[in-house]
Structures are given as structure tokens and as C-alpha cells.
């Protein structure tokens, strides 16, 4: 299998994509590749080691000592299935859902919030939105006991919006934060 077929084409910077994941990745890892399934391969510039950011599970792990080791490991079908999720990507493509440039597949309701891995729970999404929302969700639920019920999700702006003329509606839009209420 040509694993590159399952990599998303994105021009976003490492910091743009990983900004909401720094609590988990630390400052040393840089974005290497985003997968069409919505995960990422990261590299540590200091030693060339390769890491896998599993967005669904909310974890990062070292998977190879170098790019050469990675190339050998990704040729193993089990690793490719785990890291690239070709059956999901190909299945969604058959349904007409193929990520374009700067897009990946994203779950409408992530499993960490009770969503299921079913074809109707996927959508194509901007890479930045996907990684930002998933990173915020995982950071906020990481210390909750398993089975904690989440009563509601609030979206709050990081900065207070300022009134501007209608023709400049989108100028200066700020990222939003997700806040959870748990019981």
C-alpha cells in the first residue's frame, strides 16, 4: 500500500495545527504529516524520532527512531491500518466524502463524548478546526473519571467581540474555546 495516498495535503504550520495539543505534545514535537483520517505524525527535530498523535484516543506515542524506521514500520499492514485507517478513509470516499486540501475526516461526535465510529458520524473538516476542537475536548476531559456524564458544551470566545460594520463581519474573528459542564 502506498501510505502517502492517506496523507492530507495541508499548508498549515506546526503551531497552527498543534496549538491546542501542546499540553500533550510539549514544545519539542513538530508536525510532519496529517492523515486523511484526522490524526498526525510528528517529528522531534533534535533526534529525528517519529511520533503518532491519535486524535480519537487523545494520546501521543513514539513509533519510530527515524524516518527510515518509519518507512519500514508503515509497510506493515497492522501499523498502516492503525495509523492511517485506510478502511475508514476508503469507505467514506465511496460515500462521496473525500477530504480536499487542508481538510481531513472528523467525527461529528467524538467517541470521548459518546460518539460511535460509524459512517454517518464522519464529515470532512478543516484541519485547523478538527485539531483545535479535539485538542480542547481531550484536555478538558483527561482528568475526568471514566463514565462521567457531560451535561452540556458551551462555546465561548477567547476575546470580547467588538462591533464592526456589516461589511467587515469576518475581519478579526477570534478562535473559540469549548467549555464543558460535568456532573
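The values are calculated or read from the model by the stated rules, or taken from the named source; none is laboratory data. For clarity, every value in this text was computed on a predicted model and none was experimentally measured. We place every Cβ from the backbone using ideal geometry, glycine too, and count neighbours over all the protein chains shown.
All conditions but one from (1) at negative phi; (2) at pLDDT 95 or above apply to residue 2; the one that does not is (2).
All of (1) in contact with a strand residue (DSSP E or B) (Cβ under 6 Å, 6 or more places away or on another chain); (2) closer than 30 Å to residue 89 by Cα; (3) at pLDDT below 90 hold for residue 157 with one exception: (2).
Restricting the search to helices (runs of 4 or more DSSP H) fully inside the range 54-106 and requiring at least 3 residues that are crowded, with 16+ Cβ neighbours inside 10 Å and in contact (Cβ under 8 Å) with a residue 12 or more places away in the chain gives 77-84, 86-94. Taken over the range 18-44, the criterion of being assigned to a loop (DSSP other than H, G, I, E, B), closer than 12 Å to residue 131 by Cα and touching a helix residue (DSSP H, G or I) at 6+ places or on another chain (Cβ under 6 Å) is satisfied by 37, 38.
Determine, yes or no, whether residue 62 is on the phi > 0 side of the Ramachandran plot and at pLDDT 95 or above. Spell out how you get there, then give the answer.
Details: on the phi > 0 side of the Ramachandran plot: no; at pLDDT 95 or above: yes.
No, not satisfied.
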